[in-house]
1. Take the Cα radius of gyration of the stretch 175-320 and divide it by 2.2 N^0.38 Å, with N its residue count; two decimals is plenty.
2. Translational D (Stokes-Einstein, µm²/s) of the stretch 66-165 at 10 °C and 1.306 mPa s when Rh comes from the Kirkwood sum over C-alpha pairs?
3. Given the rule -39500 (n - 2.57) for each run of at least 4 DSSP H residues, summed and divided by the residues of the chain, what is its mean residue ellipticity at 222 nm, to the nearest 500 deg cm²/dmol?
4. Listing Lys117, Lys100, Lys272 from the residue with the fewest other Cβ atoms within 10 Å to the one with the most, what is the order?
5. List the aspartates and glutamates whose Cα lies under 18 Å from the Cα of Lys272, skipping any in the same chain that are fewer than 8 positions away.
6. For the residue pair Glu224 and Asn345, what label-to-label distance in nm results when each label sits 7 Å from Cα along the Cα-to-beta-carbon direction?
7. For the chain, state the average projected area of the convex hull of the C-alpha atoms over all orientations, rounded to one decimal in nm².
8. With r defined as the distance between the Cβ atoms of Arg32 and Leu2 and R0 fixed at 22 Å, what FRET efficiency is calculated, to the nearest 0.05?
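Only the coordinates and a few stated rules stand behind these numbers; no lab work does. Computed from a predicted structure; not experimentally measured. Backbone-built Cβ (ideal geometry, glycine too); neighbour counts: all protein chains shown.
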Amino acid sequence: LLAQQERVESRARTYPRHLPIAIAEGQGSFVRDVDGNVFIDFLTGAGVLSLGHSHPELVRAAGEQLAIHAHGLDFPTPAKSAFIDAQLSMLPESMRGRIKMHFCGPTGANAVDAAIKLCKTATGRGEVISFQGGFHGSSHAAMAVTGLVDQKRPIANGMPGVHFFPFSSCSRCPVGLTPDACSVNCIGYLERALQDPNGGVPLPAAVILELVQGEGGVIPANREFVQRLRVLTRELDIPLIVDEVQTGCGRTGTWFSFEQYDIEPDVIVASKALSGVGLPIAVILYDERLDVWAPGAHTGTFRGNQLAFAAGARAVQIVRRDDVLGNVRRRAEQVGIRLGPLHRNPWVRDVRGVGLMWGIELADPRTDRPASTLARAVQALALRRGLILELGGRDDAVVRILPPLNVTESVLDTACDILLDAIEEGCR
Ligand code: PMP
């Protein structure tokens, strides 16, 4: 299979060697490779293709827009207005009137950078607090606030003023406690560091986090941890940035993941699935109190992608019309039931998910060490059976799925069959 990639891309070194296929076309939940083999795609461009590959209505919306006007820098346009209206209409009602939107460029990291810069400008402060295990992107600032050690090794010490704290990953407690006896000890570190004048951390410009760490291994934050973080940041007037790049646009069963925690962030970062069909766009949504940038204060050429605007506005209509969020919740229940028996497998340390982002953490039952080789084998076995999966988490030992949000019950069932078979065979 690797030869197939080499054949198609022999002069580049960009392709995923662990998913050694070359894709010719995609439709809905499926892709076809250049040799005609069909796969269920549960990676979907890392969660970008929320309505599947080449959704016909989104293709039409983007195609019609391309014929009219493709790129508009910062000019107001009807497509941009429709996109803004559609996105703002998806906010919880209590937030709608006071949230502004800024276009940041094509990719998630652009919006993370913008969010940090906006908070620094608004507060006049320079430090940022982030969490262990989080991922925020590959640009310099986004990587600097990324708490996945392996990924940021190339820029170790690359950006001063970023402080990392334990994340409430209850499935593998960062401070070695159990959820019934911990009093959410993990948030205590941050509370003490910020409230104690000798705590060692100056008042920061922002706190940034994912509420479900995606690349970090599908780790949902503890509810009390998040709520106490919100209270703390409010008390100290620290803007709270929630990175919804992966969790946003319905992935977790609500439009934004923060809705499930009953909190309101000051800044929301969104990108990936905003267009529904893979067109690049990234935005921040932020409280009007942080509205300190004059027009032109934070620019970038590819902020006016009219195709993404047209598709993104249409995607919101489709999500509403087709009750896509309801489908996410029903399919999430299905995944939970289908993968439930994995808990009996000694190599499966945990099965966890929110909406349609799921992770199966594999670990050696004798040592509790991450079972990276097994995870890699499961990925390869699943691919051979026709299912594309991703890995993540500590040492890439978490098998992850990110299906399209409109995936059907029967495709999901088939994918679960393949996944269960691949794990069983991998463990043999
Ligand atoms: N934040 C999160 C939570 C992400 O998952 C990602 C990408 N996986 C990013 C930021 C960066 O987005 P991009 O790769 O589009 O720059």
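1. Dividing the Cα radius of gyration by 2.2 N^0.38 Å gives 1.20.
2. Here the translational diffusion coefficient equals 100 µm²/s.
3. Calculated mean residue ellipticity at 222 nm is -11000 deg cm²/dmol.
4. Taking fewest neighbouring Cβ atoms as first place, the list is Lys100, Lys117, Lys272.
5. Those aspartates and glutamates meeting the cut-off are Asp41, Asp113, Glu210, Glu215, Asp243, Glu244, Glu390.
6. In this crude label model, Glu224 to Asn345 measures out at 3.3 nm.
7. 21.0
8. It comes to 0.75.
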